[in-house]
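Here, each number is a calculation from the coordinates, and none is a lab measurement. No experiment lies behind these values; they were computed from the predicted model shown. Note that each Cβ is placed from the backbone with ideal geometry, even for glycine, and that neighbours are counted across all protein chains shown.
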Amino acid sequence: MSEVSKAYGKHIALKDVSFCIDEFQAVGLLGENGAGKTTLLDIISGCLLADSGSVTIDGFDIVSNAESAKHSIGYLPEKPPLYTEMTVFEYLKFCIELKRVVKKDRNRHLDDLLETANLTQVKNRKIANLSHGFRQRVGFAQALCGNPKIILLDEPTNGLDPSQVIEFKRAIKTLSKKHILILSSHILSLIQSVCDRVLILHSGVLTVDRLIKESNSSSFFVSLYAPQAQILSKIRHMPSVKRLKTADKGNPNITNLIIETDDKDSLPKELFSFSTGNGIAILRLQECENTLEELYQSSIDEGTLS
Amino acid sequence: MKVLYKRELYSFFVTGTGYVFLFVYMALSGIFFYFGNILTRFSDLSGYYSMATYIWILLIPILTMRLTTEDRKNGTYKLLLSSAISIHKIVLAKYLAALSVIAVGLLLSVIFPIIVAIYGALYIPEMLLAYTGMLLYGAAYLAFDMFISSFAKGNTSAFMLALGANLLLRVIGLASKSASSGFIKEILSLLDTEKRFTPFLYGQLSFACIIYFLLFILINILLTAQINSTDGGYRA
């Protein structure tokens, strides 16, 4: 997705949103109500046109090559798109045909979907007569029709009871090994527990795009009295540095960095030996308390202030 | 597209809309036939054929009221738009499903000419032309009503909007006949569907009228696709 913007009249829903997902992973999409999460998913799925920018799915542009791009997409919107007069079996059969699954594979695929979403016992019941939880499962099974590479889920746990949420989390974890999942939710703990990466939207602007901290991974904020160009490549090549990001460019003589590491004991030592060896003062070194909740809150605060 | 056509057709009958349409159509046609032909022992069916146009105006909004608004209400438009089917094919599948219901109604109503044929004289080519005209007229109003219904948010408002638009189109047709100025008359005449239906009633095969109806249908289908496209009326 590259520099995608969308406005409804004077209201800006998305502004220059860019990101790329190039491996199987579960990506959490966070943001306040009205931040642009649903608009973003609608644009990726081809349900809505962006005002500017482009979306490329598996090498195909969602506008100019819509049919090819949409073959790789499964979408569960916030309100599951169900034809309630149909039975679960009829509905999923329709969705499979809509996704143009090869005729000889349809029955097997249908059985797989019923099993994955735990719907076998209700397959002959009309959707209108199902509980909310089961309807959500039918919607979820619909998103898996045609085995798409990218699965978009908008608030998928809305209205589910705790046991259904646990079941759903398990399904997400399994799916994220073979699919790209983009999961929009208000529930931080859900994103934290099932996603590998998080995108945070604030008033249509993508404020955070980062991997969710692995259990042995830590982040440090470090401020050094030296120009960026002089030190950046040296720090990047330190053994304990996994990833680094420049924090801001206020003073050209001060470099602020956020460094991710898997070895939180060695990184400060390496930084101190680097600073003494090169005569560079460390102005600040602090381990970031980067739980998703704090990350989310700070992104919202920064967004509100700006 | 075939799968969507089948689903839409299934939906017409499983929700009862198709049955309501066919029942009311047959009941009204039966009443016109009874008073126009049975009671008067009159074998000329042209009066019955021409009344069918009024029936279409009243009944076609029943078919179109749910074609797009239902998808918006249920959120199923997102299922359709995120699938690998173009908006034109989606609109065409829905249109053809509704047209099939109209065709079923016309087939059922063949019972009235058959009754005439049993008890009197029926000129079959004339009947076939009249039925061709009725189908084209119905198909044209179906496309028009589908376009108009796309502006509505609910089923009731879609029905009222389409019914109002049909009556307005009819009034425009009447106004075109009484307009004196050449230019205004020409403009109004472009929307006079009645004028293009009349030759079929008199047993004339008018290719100009067939082309008019086909263009009328095409334009309305394209407009419906545009209004329901990803950045049009289907927007949440």
Response to the item:
Taking Cα pairs closer than 8 Å and at least 6 residues apart, the relative contact order of chain A in percent is 20
Discussion item. Along the charge dipole of the protein assembly as shown, pointing to its positive end and built from +1/-1 on Cβ of Lys, Arg, Asp and Glu, which listed residue (B:Tyr141, B:Phe23, A:Leu98) has its Cα farthest out?
Written reply: B:Phe23
Discussion item. Contact order normalised by length for chain B, with contacts defined as Cα pairs under 8 Å and 6 or more residues apart; what percent is it?
Written reply: 26
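Taking every DSSP beta bridge that has both residues in the protein assembly as shown, what percent is antiparallel when rounded to the nearest 5? The partial results should precede the final answer.
Numbers: 32 of 50 bridges.
Here the share of antiparallel DSSP bridges comes out near 65 percent.
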Discussion item. Over all directions, the average projected area of the alpha-carbon convex hull for the stretch A:107-258 comes to how many nm²?
Written reply: 12.7
Practice prompt. Identify unpaired cysteines across the protein assembly as shown, taking unpaired to mean no other cysteine Cβ lies under 4.7 Å from the residue's Cβ.
Written response: A:Cys20, A:Cys47, A:Cys195, A:Cys288, B:Cys209
Discussion item. Once the convex hull of the alpha carbons of chain B is built, what does its volume come to per residue, in cubic angstrom?
Written reply: 129
Worksheet item: At a Förster radius of 30 Å, what calculated FRET efficiency corresponds to the Cβ-Cβ distance of B:Ala121 and B:Thr156, to the nearest 0.05?
Response: 0.10
Fill in: Burial ordering of A:Cys195, B:Cys209, fewest other beta-carbon atoms within 10 Å first
B:Cys209, A:Cys195
Discussion item. When the expected Rg is taken as 2.2 N^0.38 Å, what fraction or multiple of it is the alpha-carbon Rg of the stretch B:1-72?
Written reply: 1.41
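Based on Cα coordinates alone, diagonalise the gyration tensor for the protein assembly as shown, multiply each eigenvalue by 5, take square roots, and list the semi-axes in whole Å, largest first. Don't skip to the end; give the middle numbers.
Values: eigenvalues 786, 131, 55 Å².
Largest first, the protein assembly as shown gives 63, 26, 17 Å.
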Discussion item. Exceeding 23 Å between C-alpha atoms, which entries from my cross-link table qualify? They are A:Lys93/B:Lys2; A:Lys123/A:Lys149; A:Lys103/B:Lys2; A:Lys126/B:Lys78.
Written reply: A:Lys123/A:Lys149
Worksheet entry | Burial ordering of A:Arg125, A:Arg170, fewest other beta-carbon atoms within 10 Å first | A:Arg170, A:Arg125
Fill in: the stretch A:1-62 versus the stretch A:69-120: alpha-carbon centroid distance in Å
25
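Taking the number of other C-beta atoms within 10 Å as the exposure measure, put B:Val171, A:Val102 in order starting with the fewest.
Details: B:Val171 12, A:Val102 8.
Listed from fewest to most nearby Cβ atoms, that is A:Val102, B:Val171.
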Worksheet item: What is the extension gain from B:Thr40 to B:Val171, computed as 0.36 nm multiplied by their sequence separation minus the C-alpha to C-alpha distance, in nm to one decimal?
Response: 44.2 nm
Discussion item. Quick check of the Kirkwood formula: for chain A, what is the inverse mean of 1/r over all pairs of different Cα atoms, in Å?
Written reply: 21.4
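Helix-only mean residue ellipticity at 222 nm, chain B, DSSP H runs n ≥ 4 weighted -39,500 (n - 2.57), per residue, nearest 500. What is it? Intermediate values should be presented prior to the final figure.
Values: 12 runs with 181 residues, N = 236.
Mean residue ellipticity at 222 nm (helix-derived): -25000 deg cm²/dmol.
Take the eigenvalues of the Cα gyration tensor for the stretch A:218-289, scale each by 5, and report the square roots as semi-axes in whole Å, largest first. Before the final figure, lay out the partial values.
Details: eigenvalues 59, 37, 23 Å².
Taking √(5λ) for each Cα gyration eigenvalue gives 17, 14, 11 Å.
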Item to complete: For B:Thr15 paired with A:Asn158, estimate the spin-label separation in nm (one decimal), with each label point 7 Å from Cα along the Cα-to-Cβ line.
Response: 2.1
Worksheet entry | Size of the stretch B:94-230 as Cα extents on the principal axes (Å, biggest first) | 52, 40, 24
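For the stretch A:218-289, what does the relative contact order come out to in percent, with C-alpha contacts under 8 Å and a separation of six or more? Present the calculation step by step, with values, prior to reporting the outcome.
On the way: 124 pairs, mean separation 34.5, N = 72.
RCO, the stretch A:218-289: 48 percent.
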Fill in: Euclidean distance of C-alpha centroids, the stretch B:159-236 and the stretch A:154-193, integer Å
51
Discussion item. Once you order the gyration tensor axes a ≥ b ≥ c over the Cα atoms, which shape class does the stretch A:187-240 get: rounded for a/c under 1.5, otherwise prolate or oblate by comparing a/b with b/c?
Written reply: oblate
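Can you give the Kirkwood hydrodynamic radius of the stretch A:86-142 from its Cα pairs, in Å with one decimal?
Numbers: mean 1/r = 0.0899 Å⁻¹.
Radius from the Kirkwood sum: 11.1 Å.
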Item to complete: Give me the distance in nm between label points sitting 7 Å out from Cα along the Cα-to-Cβ direction at B:Val110 and A:Phe272, one decimal.
Response: 9.6
Worksheet item: Once the other residues with Cβ under 13 Å from the Cβ of B:Ile217 are scored (Lys, Arg +1; Asp, Glu -1), what is the net sum?
Response: 0
Worksheet item: Using only helices, what value at 222 nm comes out for chain A when you add -39,500 (n - 2.57) per DSSP H run of length 4 or more and divide by the total residues, to the nearest 500 deg cm²/dmol?
Response: -10500 deg cm²/dmol
Worksheet entry | Test item: B:162-171 mean partner chain Cβ contacts at 10 Å | 0
Worksheet item: What's the FRET efficiency of A:Tyr8 with A:Val165 using the Cβ-Cβ distance as r and R₀ = 22 Å, to the nearest 0.05?
Response: 0.10
